[in-house]
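Novice: The structure follows.
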Amino acid sequence: MTDSREWVYTEKVKDHFMNPRNILMDEKGYEADGKGIVGNIKCGDQMIAYIKVDREKGVITDFKWKTYGCASAIASTSILSEMVIGMKVDDAYHLSPKDIAGELGGLPEHKVHCSVLGDKALRAAINDYYSRNGMEDKITREEARIVCQCMNVTDRDIEDAVLDGARTYYALQEHTKLGTVCGQCREEAEKLLEEYKTKHFS
Amino acid sequence: MSNRRIYLDNNATTPLHPEVKTALKEGMDAYGNPSSMHSFGREARTLVEKARENVASFIGASAEELVFVGSGSEANNTVLSIFTCTLEKKCTCDRCGGSGVITTTIEHPCVLETSKCLIDKGVNVRYIGVDRYGKVDPEKLAEMIDGETGLVSIMMANNEIGTILDIKELAGVVHEKGALFHTDAVQAVGKVPVDVNELGVDFLTISAHKMYGPKGVGALYIRKGIPFCPLIRGGHQEKGRRAGTENTLGIIGLSKAVDMRRKEMKDEEERLLGFKTRLKEGLEAAVPDISFNGHPEDSLPGTVNVSFEGAEGEAILLYLDMEGIAVSTGSACASGSLDPSHVLLATGLSAEYAHGSVRISMGRETTGKDIDRVLAVFPEVINRIRNMSSAYKKGEK
């Protein structure tokens, strides 16, 4: 018999999925310094992140969360909570999905997009903290740039498509409808495709 | 593991029946090519033809109307592809001619993907929707069929929600309008009585591994007198309708599986219906904010599809797996795609509920103790997920 207990996920993912850390149980009694909600239940995952911050030191002292999603979404948020507690707010702000997936010992390719919510929720919570404390200047506007003019597809859309599994120009078109009208954006789209593949998967 | 593992994914595939295992072991010695004229070949041929008669009679067909194939998917691909051939008179079959197809939005991917491919090839494919239970309205179907419609393909029982469609009535409507009717019956054959003449279908798809037979073998019923053109060419096997040396062993297994179905199906149907009632009532009593999918009565005896508010399906599946309980889910996350079950969405279920859906499909090995254990484990698992869920608010309803 082969080992039927073998998982599609790493042991670390399994551990955090089975024993998630820092879930927010008492929503009403928790006074967060920043709160961020991202995702959408319709798309299958949603996440709320709450942070407490030591203002003097600029350090995150607590991170609590609630997540609706699959095992990798749950494990990603759980491990993220461990990663950011004690971290400088400004450093936490720049955590990437790759950092989270790396900490989990990797995620299956089609699951990487689940870890994207974690850092997005954290950034949303930090943005909330910044704006509550008059530090709006620190908020990085994540502006998207239109690549495909015909179908109104942005570089962010391309990045999301790559995270969702698009690896070829054709797959990118299937995901975003990009380049399906005049096709002028192909060269740039292909360049971005390679960039995001390197960024998230190499 | 202290607990026995509990397999509740019988709509995905079934364990081999012990009698089928025995038949397969014995069948391994029949290695001759059924097409060979010597005694080795003749022995294998005899086994294949006996199996053909047996499987055919199980669905009320005659042996010559049954073609053995490699899978249910192959049978479905065959019917869809050949009856929509756009070569129009350039090839030798008399049925070719770019006739249009109508199928439903809840078919198995092997029908839906093939139909998409047909569209690219210029075939006029249209899809008829279903009601909230997954049923097709015969009147709507009648309205859709026009002079161009050559084939209507509607599954007999849905793999995800278990709904049994009114094939007899739908086939009647289709024939009145002069088109041919195919039903993918892989989930129905072996679970409920199926008779091709009673149903009045022209084509019907069977799969062995959904009824305790081996994987990699199925059968396609083709009503006598209907012209046919093979998908796989290059051999005279199966009277030229499907090239490739017969999978003797698989065919023996399918035939044995059918034998066992004749003996066990009726009792099993009653037993599973009892379990199903217990499961539904038990879950409803122990877990708030749930809803059941599929038709309340016209449904496969062993299939329960349930949605949990605020709990995502893959998480449910994996927590249950940790307890040794195997189910499946309509959540996008478990499939690797981005969308949840197309079947649940087609019934009008919201994406949220589709993501939180679980299919429990019982089978001949399912016991009352299994049901007890499922009912003991489920509330705890759902509660655990909902406690960490951003999408579930306790007591708001």
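The values are calculated or read from the model by the stated rules, or taken from the named source; none is laboratory data. Everything quoted here is computed from the prediction, not taken from an experiment. Please note: Cβ atoms are built from the backbone with ideal geometry, for glycine as well, and neighbour counts cover all protein chains shown.
Novice: So which of A:Arg156, A:Arg141 ends up being within 25 Å of A:Ala49 (Cβ to Cβ), part of a helix (DSSP H, G or I) and away from chain B (no Cβ under 14 Å)? Working first, answer last.
Specialist: Values: A:Arg141 fails: part of a helix (DSSP H, G or I).
The unique qualifying residue is A:Arg156.
Novice: Exactly one of these conditions fails for A:Gly102: (1) out of contact with any helix residue (DSSP H, G or I) (no Cβ under 7 Å at 6 or more places or on another chain); (2) free of Cβ contacts under 8 Å to residues at least 12 places away in the same chain; (3) within 14 Å of chain B (Cβ to nearest Cβ); (4) not hydroxyl-bearing (Ser, Thr, Tyr). Give me its number.
Specialist: (3)
Novice: State whether the residues of segment A:106-121 include one that is in contact with a strand residue (DSSP E or B) (Cβ under 8 Å, 6 or more places away or on another chain), of a type in the set (A, V, I, L, M) and in contact (Cβ under 8 Å) with a residue 24 or more places away in the chain.
Specialist: We begin by selecting, within segment A:106-121, every residue in contact with a strand residue (DSSP E or B) (Cβ under 8 Å, 6 or more places away or on another chain); these are A:114, A:117-118, A:120-121.
Next cut, of a type in the set (A, V, I, L, M) only: A:117, A:121.
Checking which are in contact (Cβ under 8 Å) with a residue 24 or more places away in the chain leaves us with A:117, A:121.
Yes, segment A:106-121 has at least one match.
Novice: Can you report the number of residues in segment A:9-39 which are without any contact (Cβ under 8 Å) to a residue 24 or more places away in the chain, of a type outside the set (Asp, Glu) and farther than 29 Å from A:Glu109 by Cα?
Specialist: Within segment A:9-39, residues that are without any contact (Cβ under 8 Å) to a residue 24 or more places away in the chain, of a type outside the set (Asp, Glu) and farther than 29 Å from A:Glu109 by Cα number 3.
Novice: Could you please let me know if A:Ser76 is touching a Gly at 6+ places or on another chain (Cβ under 6 Å), within 23 Å of A:Val8 (Cβ to Cβ), in contact (Cβ under 8 Å) with a residue 12 or more places away in the chain and within 14 Å of chain B (Cβ to nearest Cβ)? Full working, then the answer.
Specialist: On the way: touching a Gly at 6+ places or on another chain (Cβ under 6 Å): yes; within 23 Å of A:Val8 (Cβ to Cβ): yes; in contact (Cβ under 8 Å) with a residue 12 or more places away in the chain: yes; within 14 Å of chain B (Cβ to nearest Cβ): yes.
The answer is yes for A:Ser76.
Novice: Going through B:Gly250, B:Gly282 one at a time, which residue ends up being of a type in the set (Gly, Ala, Ser) and either within 28 Å of B:Tyr221 (Cβ to Cβ) or at pLDDT below 95 (or both)? If you could, list the steps in order and put the result at the bottom.
Specialist: On the way: B:Gly282 fails: either within 28 Å of B:Tyr221 (Cβ to Cβ) or at pLDDT below 95 (or both).
On inspection, the qualifying residue turns out to be B:Gly250.
Novice: Checking the conditions here, which among B:Gly172, B:Gly178, B:Gly134 is in a loop (DSSP other than H, G, I, E, B), without any contact (Cβ under 8 Å) to a residue 40 or more places away in the chain, of a type in the set (Gly, Ala, Ser) and in the same structural domain as B:Glu74 (by TED's automatic domain parsing)?
Specialist: On the way: B:Gly172 fails: in a loop (DSSP other than H, G, I, E, B); B:Gly134 fails: without any contact (Cβ under 8 Å) to a residue 40 or more places away in the chain.
Of the residues listed, the single one that is in a loop (DSSP other than H, G, I, E, B), without any contact (Cβ under 8 Å) to a residue 40 or more places away in the chain, of a type in the set (Gly, Ala, Ser) and in the same structural domain as B:Glu74 (by TED's automatic domain parsing) is B:Gly178.
Novice: Just one of (1) in contact (Cβ under 8 Å) with a residue 60 or more places away in the chain; (2) within 14 Å of another protein chain (Cβ to nearest Cβ) trips up A:Asp164, so point out which.
Specialist: Exception for A:Asp164: condition (1).
Novice: Out of all the residues in segment B:351-370, which are away from chain A (no Cβ under 14 Å) and surrounded by fewer than 24 Cβ atoms within 10 Å (Cβ to Cβ)? First the steps, then the outcome.
Specialist: Of the residues in segment B:351-370, the ones away from chain A (no Cβ under 14 Å) are B:359-370.
Of everything in segment B:351-370, those that are away from chain A (no Cβ under 14 Å) and surrounded by fewer than 24 Cβ atoms within 10 Å (Cβ to Cβ) turn out to be B:Gly363, B:Arg364, B:Glu365, B:Thr366, B:Thr367, B:Gly368, B:Lys369, B:Asp370.
Novice: Then there is this: Which condition from (1) in contact (Cβ under 8 Å) with a residue 12 or more places away in the chain; (2) not in a helix (DSSP H, G or I) is the one that B:Gly225 breaks?
Specialist: Of everything listed in (1) in contact (Cβ under 8 Å) with a residue 12 or more places away in the chain; (2) not in a helix (DSSP H, G or I), B:Gly225 misses just condition (1).
Novice: Just to be sure I understand, how many residues within segment A:160-185 are surrounded by fewer than 20 Cβ atoms within 10 Å (Cβ to Cβ) and outside any loop (DSSP other than H, G, I, E, B)?
Specialist: 6
Novice: Collect the residues in segment A:114-133 that are over 19 Å from A:Lys66 (Cβ atoms) and part of a helix (DSSP H, G or I), keeping them in residue-number order.
Specialist: The first filter runs over segment A:114-133 and keeps only residues over 19 Å from A:Lys66 (Cβ atoms), leaving A:130-133.
Answer for segment A:114-133, where residues must be over 19 Å from A:Lys66 (Cβ atoms) and part of a helix (DSSP H, G or I): A:Tyr130, A:Ser131, A:Arg132.
Novice: Same structure, new question: Which condition breaks for B:Met144 when tested against (1) touching a Lys or Arg at 6+ places or on another chain (Cβ under 7 Å); (2) on the phi > 0 side of the Ramachandran plot?
Specialist: Failed condition: (2).
Novice: Looking at segment A:74-115, which of its residues are modelled with pLDDT under 85 and surrounded by 19 or more Cβ atoms within 10 Å (Cβ to Cβ)?
Specialist: A:Pro97, A:Leu107, A:Lys111, A:Val112, A:His113, A:Cys114, A:Ser115
Novice: When only residues in segment A:58-71 that are farther than 14 Å from A:Asn22 by Cα and more than 8 Å from every other protein chain (Cβ to nearest Cβ) count, which is surrounded by the fewest Cβ atoms within 10 Å (Cβ to Cβ)?
Specialist: Step one: filter segment A:58-71 for residues farther than 14 Å from A:Asn22 by Cα, giving A:58-59, A:68-71.
Pick out the ones that are also more than 8 Å from every other protein chain (Cβ to nearest Cβ) and you get A:58-59.
Details: A:Gly58: 13, A:Val59: 18.
Filtering segment A:58-71 for residues that are farther than 14 Å from A:Asn22 by Cα and more than 8 Å from every other protein chain (Cβ to nearest Cβ), the one surrounded by the fewest Cβ atoms within 10 Å (Cβ to Cβ) comes out as A:Gly58.
Novice: Within segment A:31-57, track down each residue that is under 29 Å from B:Ala354 (Cα atoms), more than 10 Å from chain B (Cβ to nearest Cβ) and either in contact with a Gly (Cβ under 8 Å, 6 or more places away or on another chain) or not in a strand (DSSP E or B) (or both).
Specialist: A:Tyr50
Novice: Hey, does segment B:285-303 have a residue that's surrounded by 23 or more Cβ atoms within 10 Å (Cβ to Cβ) and within 14 Å of chain A (Cβ to nearest Cβ)?
Specialist: Step one: list which residues in segment B:285-303 are surrounded by 23 or more Cβ atoms within 10 Å (Cβ to Cβ), which gives B:293-294, B:299-300, B:302-303.
Subset that is within 14 Å of chain A (Cβ to nearest Cβ): none.
No, segment B:285-303 contains no residue that is surrounded by 23 or more Cβ atoms within 10 Å (Cβ to Cβ) and within 14 Å of chain A (Cβ to nearest Cβ).
Novice: Being touching a Phe, Trp or Tyr at 6+ places or on another chain (Cβ under 8 Å) and assigned to a loop (DSSP other than H, G, I, E, B), is that true of even one residue in segment B:345-359?
Specialist: yes
Novice: Looking at segment B:11-42, which of its residues are in a loop (DSSP other than H, G, I, E, B), under 30 Å from B:Lys369 (Cα atoms) and either of a type in the set (D, E, K, R) or in contact with a helix residue (DSSP H, G or I) (Cβ under 8 Å, 6 or more places away or on another chain) (or both)? Steps first, answer last, please.
Specialist: Initial filter on segment B:11-42 (in a loop (DSSP other than H, G, I, E, B)): B:11-17, B:28-38.
Narrowing the set further to residues that are under 30 Å from B:Lys369 (Cα atoms) leaves B:11-17.
Residues satisfying the conditions are B:Asn11, B:Thr13, B:Thr14, B:Leu16, B:His17.
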